[in-house]
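Below is one structure, written out as structure tokens, with a few remarks after it.
The values are calculated or read from the model by the stated rules, or taken from the named source; none is laboratory data. The structure presented is a predicted model; accordingly, all values stated were derived computationally and were not measured. Quick reminder, even Gly has a Cβ in these numbers, built from the backbone with ideal geometry, and neighbours come from all protein chains shown.
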Amino acid sequence: MAEPTKLPVKTESKAPAPAHLAEWGAFDTLRREIDQLFEGFGLRSPRLPFGRSALDLFQPREAAWAMTPAVDFAERGKAYEITAELPGLDDKDIEVKLANGTLTIKGEKKDETEQREGDYYLSERRYGSFVRSFRVPDGVDAEKIEATFAKGVLTVKLPKTAQAQQAEKKIAVKAA
């Protein structure tokens, strides 16, 4: 079994806190709500051929989400863990950065293929990049964050401070 590759986690504190990044998901939700509103009155939003809404022209959903990796965020006892599926990427194509309480994962894939056989010539280029940002929960020891990459899966471990690891206190509920 191959050893996972450790990736450096860059820590930046000089940059100002980033404003909320507008994500396409908010626009998608708004579009669905507007469509439902029109459908509720018996009106439909203008449709293009093949059933697509005219509003789809302003949101390149397929292209925008093609490189967005699936990510899981879990709490595991003494640490939080983020796992991202990044098939086809190498560790050198991935950057993990912590700045102002926000963990950012960036990746870029470049694929170029060229074949020449007699009169036949094929040249293909594919490029894509993504950025995912997460607010780091309170009680994380930022100095001990680790990122590893193995078999197309990035794992970022965010260890909790000793204070955050203290056991939960169960509070009894009394009848009034």
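Okay, residues lined up against (1) touching a helix residue (DSSP H, G or I) at 6+ places or on another chain (Cβ under 6 Å); (2) exposed (fewer than 10 other Cβ atoms within 10 Å of the Cβ); (3) over 19 Å from Thr11 (Cβ atoms); (4) not aliphatic (A, V, I, L, M):
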| site | (1), (2), (3), (4) |
| --- | --- |
| Ala74 | no, yes, yes, no |
| Glu85 | no, no, yes, yes |
| Thr155 | no, no, no, yes |
| Lys174 | no, yes, yes, yes |
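Check off (1) surrounded by 10 or more Cβ atoms within 10 Å (Cβ to Cβ); (2) modelled with pLDDT under 85 for Ala99 and give me the number that stays unchecked.
For Ala99, the exception is condition (2).
Could you check how many residues of the range 140-160 are over 18 Å from Lys97 (Cβ atoms) and in a strand (DSSP E or B)?
Of the residues in that region, 3 qualify.
In the range 120-169, how many residues are touching a Gly at 6+ places or on another chain (Cβ under 7 Å) and over 21 Å from Leu89 (Cβ atoms)?
Going through the range 120-169 one residue at a time, the tally reaches 6.
Looking at the range 119-176 only, could you name the residues that are more than 26 Å from Glu3 (Cα to Cα) and charged (D, E, K, R)?
Correct list: Asp119, Glu124, Arg125, Arg126, Arg135, Asp138, Glu168, Lys169, Lys170, Lys174.
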